[in-house]
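A.B. asks: Quick one: structure below, then a few questions.
The values are calculated or read from the model by the stated rules, or taken from the named source; none is laboratory data. Please read all numbers here as calculations on a predicted model, not as lab measurements. In this analysis, Cβ positions are derived from the backbone assuming ideal geometry, glycine residues included, and neighbour counts consider all displayed protein chains. Remember, those area values only see protein heavy atoms, side chains included, never the ligands or the DNA or RNA. Shrake-Rupley method; radii C 1.70, N 1.55, O 1.52, S 1.80 Å.
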Amino acid sequence: MPHSQARYHCFAEIAGWSDCLRVWRWLWSVLVLPLLFVAWGAAWLLWGLPDPRGLMVAAPPPSVLILDRHGVILRERPVAGAGLSRPRSLEEIPWALQAATIAVEDAHFYSHPGLDLRGIARAAYSWVRTSRAISGGSTLTQQVVRNLLLKDERFERTLRRKAREAVLALLVEAMYSKKEILALYLNTTYYGRQAYGVEAAARAFFGKSLEALNLAECAFLAGLPQAPSLYDPAVGLAWKERQLSVLALMQRRGFIGPAEAALAARTPLQFVRFGSGMRAPHFVAYVESLAEGLVGQAALRRGGLRIYTTLDVALQERAQQVLQEHLRSLERTRRAGRELRVRNGAIVVLDVATGDILVMVGSPDYDDAGISGAVNGALALRQPGSAIKPITYAAAFEQGFSPGSVFSDEPATFLTAELEPYQPVNFDGRFHGRVTLREALASSYNVVAVKVLNEIGLPAMLDMAGRLGITSLRPSARLGLAATLGGGEVSLLELTTAYAVFARGGRYVAPRAIVRIEDAQGHVLWQAPEASDQQVLPPQVAYLITDILSDGKARLPGFGEAWALSLDRPAAVKTGTTTDCRDNWTIGYTPQIAVGVWVGNADGQSMGRISGVEGAAPVWHDVMLLAHRALPPMPFARPDGIVERIICPESGLLAGPECPHARRELFIVGTEPTEQCPLHAGQALAALRGSTAGGQQESETVIAFLSPPPNGSYMLAPDVPESAQQLLVEVQAPPKSLVRLKVDGQPLAELKQPPYRVFWPLSLGRHVLVAEAVGEDGEVLLPPAVVHLAVHAAGGASGDVRGG
């Protein structure tokens, strides 16, 4: 081949390769690079894109609801890391709230495919101009996507986030109906005050459920999501302008007419205080701790639980009002010049049959840090004073003692575990001579209570306490005979539970706070077993305690006519007061309801001169009336195995014809006395029923004081109400006599028939009591009986604990 041809061929080959390169370049620029760019863009946009099928799972977990026995919500507890949430179906959400939301957030919601194309165009244009600022409204679907599927990106203002949001919005619209999307929005959007969803928001702002909302309230809620903090009424009045804007948009979109809009604009809104949603906070905290033990922390963290409780919140709040009002009345007494410092209290109400806790007031004000209001006084351990005495007497009756057993109420010294002398004193500072255990318990004599415990032994009392449900009293080196006067510590719930055992005839039922726990789907996770009882002491023993605590006459020597301890029905009750009046207790019951009350100060300061009758008893009285408002009066049922005998209260033996104060008494079969009283055999009272041949009385010395004893000495206790410090004046006189009683020459009483008995209010000084027996003709039959006594002031009684 010639050289020129070869050269031409070479150039041709080169030219061919050039064409190939140009083709490849063209293909690369036109096809490959765009494909790579698209692939890169797709990866940039879609990498890690959430699955829209997980939309429902991504919704905030429902709150835990704690409800009272009637279904009233006590607390809506948010799941950890979330807010308050209570999903409702779209059918349950008011139409006005749906319309207001669509009007203000997405007017074309039912016509677009999930995107607002004009808004997207504005956003793209803004990005091209500034490279960063993104503007343009989002549809409801986009907001749902942003809040539930793009949680980690929702605050980014980038084109990528907006594009991902748009893609997901289209997918969501393809997978879910418009109703499902609207329901998701209304149930998951944040409205402020920790509330996610319209139901939680309605309760957070208005304290009521969706069904009770009016148009004005719906318009307010619909305007919140754009700026929840700004439009919170607690911040200012910006909410009103926003509400009016929502109403105007609703009118413009045709959802409401001008008249409806104007009326809603004028309708006043009643907002609740933020954080005021929890009711019965002490009880709620108690229930939450119990629920954690029943279903575990994991179940509580998942949310959606419904915890149904035993509380009657209406009764709870009325009882708390009673406590608050009584404390205010004591404060008014203090301002009137009396030194009182009573700032706290607690109440427990139990259903006797089931053990259900109907009321648990832990303090008069949970939010008052000045009184340690958040401390649950119903569960705190405190000395109970004489309120513990029925447990000692129950143990004694179990060992064979009876209400008719006689003890001497006189000074006595006992040795403590440290071999130190211990001398108990009575709350009223007096001694009462020979008394039955009925009077000793009803009138709360400390000396006799210590003697009884010394007879039966501390282990017997502690065993009885344990059987009645009191677990806080345990043997210890410091717990000695003063335990029967309240030297140990118990909680109000424990002691009220123990008294309910007496009301139940000796059967123990554990106190119950939770009925059942359900998950979000209504499946029962835990169900309280049917209330079961265990016979922990003989029914006869329980009945004797009840009979004594409901015996108003036996209570007279210690308390007088204490109105606060009397109801319109049979009721058993006992009070207690501790050293320096730090604590007042009153606990009592009927066959249906048991109520325990404590008043005092959380820091243990003395309340001043106040006893259980004046401090806790008025609250007990009023709460008992409230708790029994719909219940008929019921007597305490006497069990088999109880017999009656007429005894002499001075000996405890069967009364003879000469015994002047014979009375009926109850006994457990086998413990009743069989011997006759020998103490009054020489008095020949029967002779008073006849006359001698000369018409004269055989005895001229039969008028005599049975109480008080001659030359007695008494103290006025500074911490006992004056009305309760009375002395029993009792006289023995011929039958059919009229007895005139005088104190220091002034008339006290005229008594026409036996028993010749009256109470005299103690007063300081030395006094002379005179009794005269007057016949039907007005003549004095016998020489008068005379008794001298003295009443002294006292700075207060001594001893470790107080009774009363």
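A.B. asks: Which members of segment 343-360 meet the condition of being among the β-branched types (Val, Ile, Thr) and farther than 28 Å from Ser606 by Cβ?
C.D. replies: Passing the criteria: Val352, Thr354, Ile357.
A.B. asks: Looking at segment 373-423, which of its residues are part of a loop (DSSP other than H, G, I, E, B), among the aliphatic types (A, V, I, L, M) and more than 25 Å from Asn601 (Cβ to Cβ)? Reasoning before the result, please.
C.D. replies: Taking segment 373-423 as the starting set, the residues that turn out to be part of a loop (DSSP other than H, G, I, E, B) are 373-380, 383-384, 399-405, 410-413, 416-420, 423.
From what is left, the residues that are among the aliphatic types (A, V, I, L, M) are 374-375, 378-380, 412, 417, 419.
Selection gives Ala412, Ala417, Leu419.
A.B. asks: If only one of Gly641, Gly615, Gly588, Gly576 is among the small types (Gly, Ala, Ser), over 29 Å from Glu331 (Cβ atoms) and either out of contact with any Pro (no Cβ under 7 Å at 6 or more places or on another chain) or open to solvent by less than 10 Å² (accessible area, probe 1.4 Å) (or both), which one is it?
C.D. replies: None of the other options fit; the residue is Gly641.
A.B. asks: Looking at (1) at pLDDT below 70; (2) open to solvent by 50 Å² or more (accessible area, probe 1.4 Å); (3) assigned to a loop (DSSP other than H, G, I, E, B), can you tell me which one Ile134 breaks?
C.D. replies: Among (1) at pLDDT below 70; (2) open to solvent by 50 Å² or more (accessible area, probe 1.4 Å); (3) assigned to a loop (DSSP other than H, G, I, E, B), Ile134 violates only (2).
A.B. asks: Starting from residues that are open to solvent by less than 40 Å² (accessible area, probe 1.4 Å), touching a residue at least 24 places away in the same chain (Cβ under 8 Å) and in contact with a strand residue (DSSP E or B) (Cβ under 7 Å, 6 or more places away or on another chain), keep the ones in segment 644-659 and report whichever is farthest from Ser405 (Cα to Cα).
C.D. replies: Looking at residues that are open to solvent by less than 40 Å² (accessible area, probe 1.4 Å), touching a residue at least 24 places away in the same chain (Cβ under 8 Å) and in contact with a strand residue (DSSP E or B) (Cβ under 7 Å, 6 or more places away or on another chain), I get Gly656.
A.B. asks: Got a sec? Which of Gln534, Gln605, Gln527 is surrounded by fewer than 24 Cβ atoms within 10 Å (Cβ to Cβ), closer than 30 Å to Gly293 by Cα and either aliphatic (A, V, I, L, M) or out of contact with any Phe, Trp or Tyr (no Cβ under 9 Å at 6 or more places or on another chain) (or both)?
C.D. replies: Values: Gln534 fails: either aliphatic (A, V, I, L, M) or out of contact with any Phe, Trp or Tyr (no Cβ under 9 Å at 6 or more places or on another chain) (or both); Gln605 fails: closer than 30 Å to Gly293 by Cα.
Selected residue: Gln527, the only one of Gln534, Gln605, Gln527 that is surrounded by fewer than 24 Cβ atoms within 10 Å (Cβ to Cβ), closer than 30 Å to Gly293 by Cα and either aliphatic (A, V, I, L, M) or out of contact with any Phe, Trp or Tyr (no Cβ under 9 Å at 6 or more places or on another chain) (or both).
A.B. asks: Restricting attention to segment 57-99, which residues are aliphatic (A, V, I, L, M), part of a loop (DSSP other than H, G, I, E, B), over 24 Å from Phe283 (Cα atoms) and in contact (Cβ under 8 Å) with a residue 24 or more places away in the chain? So that I can check it myself, show each step before the final result.
C.D. replies: The initial filter retains those residues of segment 57-99 that are aliphatic (A, V, I, L, M), namely 57-59, 64-67, 72-74, 79-80, 82, 84, 90, 93, 96-97, 99.
Filter once more, so that each one left must be part of a loop (DSSP other than H, G, I, E, B): 57-59, 72, 79-80, 82, 93.
Checking the rest, the ones that are also over 24 Å from Phe283 (Cα atoms) come to 57-59, 93.
Of everything in segment 57-99, those that are aliphatic (A, V, I, L, M), part of a loop (DSSP other than H, G, I, E, B), over 24 Å from Phe283 (Cα atoms) and in contact (Cβ under 8 Å) with a residue 24 or more places away in the chain turn out to be Ala58, Ala59, Ile93.
A.B. asks: Go through Pro639, Pro649, Pro657 for me and flag whichever is at pLDDT 95 or above and either assigned to a loop (DSSP other than H, G, I, E, B) or more than 27 Å from Gly576 (Cβ to Cβ) (or both).
C.D. replies: Answer to the check: Pro639.
A.B. asks: Can you pull out the residues in segment 729-778 that are polar (S, T, N, Q) and part of a loop (DSSP other than H, G, I, E, B)?
C.D. replies: Residues satisfying the conditions are Ser737, Gln753, Ser763.
A.B. asks: Further, regarding this structure: Look through segment 264-291, keep the residues that are assigned to a helix (DSSP H, G or I) and charged (D, E, K, R), and return whichever of them is farthest from the chain's Cα centre (by Cα).
C.D. replies: Across segment 264-291, the extreme among qualifying residues is Arg266.
A.B. asks: Which residue pairs have Cβ atoms under 7 Å apart, sit 6 or more places apart or on different chains, and have a first residue in segment 476-504 that is at positive phi and a second that is hydrophobic (A, V, I, L, M, F, W, C)?
C.D. replies: If the second residue must be hydrophobic (A, V, I, L, M, F, W, C), the pairs left are Gly486/Ala387; Gly486/Ile388; Gly486/Val801.
A.B. asks: Here are Arg341, Arg328, Arg335: which of them is touching a helix residue (DSSP H, G or I) at 6+ places or on another chain (Cβ under 9 Å), open to solvent by 50 Å² or more (accessible area, probe 1.4 Å) and either modelled with pLDDT of 95 or more or among the basic types (Lys, Arg) (or both)?
C.D. replies: Values: Arg328 fails: touching a helix residue (DSSP H, G or I) at 6+ places or on another chain (Cβ under 9 Å); Arg335 fails: touching a helix residue (DSSP H, G or I) at 6+ places or on another chain (Cβ under 9 Å).
Just one listed residue meets the conditions, Arg341.
A.B. asks: Going by what's in this entry, would Val774 be described as over 19 Å from Pro557 (Cα atoms) and either surrounded by 13 or more Cβ atoms within 10 Å (Cβ to Cβ) or among the charged types (D, E, K, R) (or both)?
C.D. replies: Numbers: over 19 Å from Pro557 (Cα atoms): yes; either surrounded by 13 or more Cβ atoms within 10 Å (Cβ to Cβ) or among the charged types (D, E, K, R) (or both): yes.
It is true that Val774 is over 19 Å from Pro557 (Cα atoms) and either surrounded by 13 or more Cβ atoms within 10 Å (Cβ to Cβ) or among the charged types (D, E, K, R) (or both).
A.B. asks: Here's something else I'd like to know. Would you tally the residues in segment 739-749 being surrounded by fewer than 13 Cβ atoms within 10 Å (Cβ to Cβ) and more than 18 Å from Pro710 (Cβ to Cβ)? Can you show your working first?
C.D. replies: Let us first name the residues in segment 739-749 that are surrounded by fewer than 13 Cβ atoms within 10 Å (Cβ to Cβ), namely 744-747.
Among the residues that remain, those that are also more than 18 Å from Pro710 (Cβ to Cβ) are: 745-747.
So the count comes out to 3.
A.B. asks: Here is a follow-up. Looking at Ala353, is it in a loop (DSSP other than H, G, I, E, B), open to solvent by 40 Å² or more (accessible area, probe 1.4 Å) and within 20 Å of Gly588 (Cα to Cα)?
C.D. replies: Considered against the rule, which asks whether it is in a loop (DSSP other than H, G, I, E, B), open to solvent by 40 Å² or more (accessible area, probe 1.4 Å) and within 20 Å of Gly588 (Cα to Cα), Ala353 comes out as yes.
A.B. asks: Please list, ordered by residue number, the helices (runs of 4 or more DSSP H) wholly in segment 177-251 having 3 or more residues that are touching a strand residue (DSSP E or B) at 6+ places or on another chain (Cβ under 6 Å).
C.D. replies: By residue number, 198-206.
A.B. asks: Here is a follow-up. Kindly list, by first and then second residue, each pair from a residue in segment 535-562 that is more than 28 Å from Gly466 (Cβ to Cβ) to a residue that is assigned to a helix (DSSP H, G or I) and modelled with pLDDT under 90, limited to pairs with Cβ atoms under 8 Å and residues at least 6 apart or on different chains.
C.D. replies: Gly558/Ala724; Phe559/Val613; Phe559/Ala724; Gly560/Ser723; Gly560/Ala724; Ala562/Val613; Ala562/Ala724
A.B. asks: Being at pLDDT below 85, in contact with an Asp or Glu (Cβ under 6 Å, 6 or more places away or on another chain) and within 24 Å of Leu751 (Cα to Cα) narrows it down to one residue among Gln697, Gln683; which is it?
C.D. replies: Being at pLDDT below 85, in contact with an Asp or Glu (Cβ under 6 Å, 6 or more places away or on another chain) and within 24 Å of Leu751 (Cα to Cα) holds for just one of Gln697, Gln683, which is Gln683.
A.B. asks: Quick check on my filter: what residues within segment 292-317 are closer than 15 Å to Ile357 by Cα and part of a helix (DSSP H, G or I)?
C.D. replies: Of everything in segment 292-317, those that are closer than 15 Å to Ile357 by Cα and part of a helix (DSSP H, G or I) turn out to be Val313, Ala314, Leu315, Gln316, Glu317.
A.B. asks: Being in contact with a Pro (Cβ under 7 Å, 6 or more places away or on another chain), over 24 Å from Arg88 (Cβ atoms) and modelled with pLDDT of 85 or more narrows it down to one residue among Leu171, Leu213; which is it?
C.D. replies: Going through Leu171, Leu213 in turn, the sole match is Leu171.
A.B. asks: Now a separate question. List the residue pairs whose Cβ atoms are under 6 Å apart, where the first residue sits in segment 394-415 and is open to solvent by less than 50 Å² (accessible area, probe 1.4 Å), the second is of a type in the set (S, T, N, Q), and the two are 6 or more positions apart or on different chains.
C.D. replies: Gly400/Thr671; Ser402/Thr671; Gly404/Thr436; Val406/Thr436
A.B. asks: Considering only residues that are open to solvent by less than 20 Å² (accessible area, probe 1.4 Å) and on the phi < 0 side of the Ramachandran plot, which ones fall in segment 372-393?
C.D. replies: Gly373, Gly377, Ala378, Pro384, Ser386, Ala387, Ile388, Lys389, Pro390, Ile391, Thr392, Tyr393
A.B. asks: Name, by its number, the condition in (1) in contact (Cβ under 8 Å) with a residue 12 or more places away in the chain; (2) not in a strand (DSSP E or B) that does not hold for Val359.
C.D. replies: So Val359 meets the others, but not (2).
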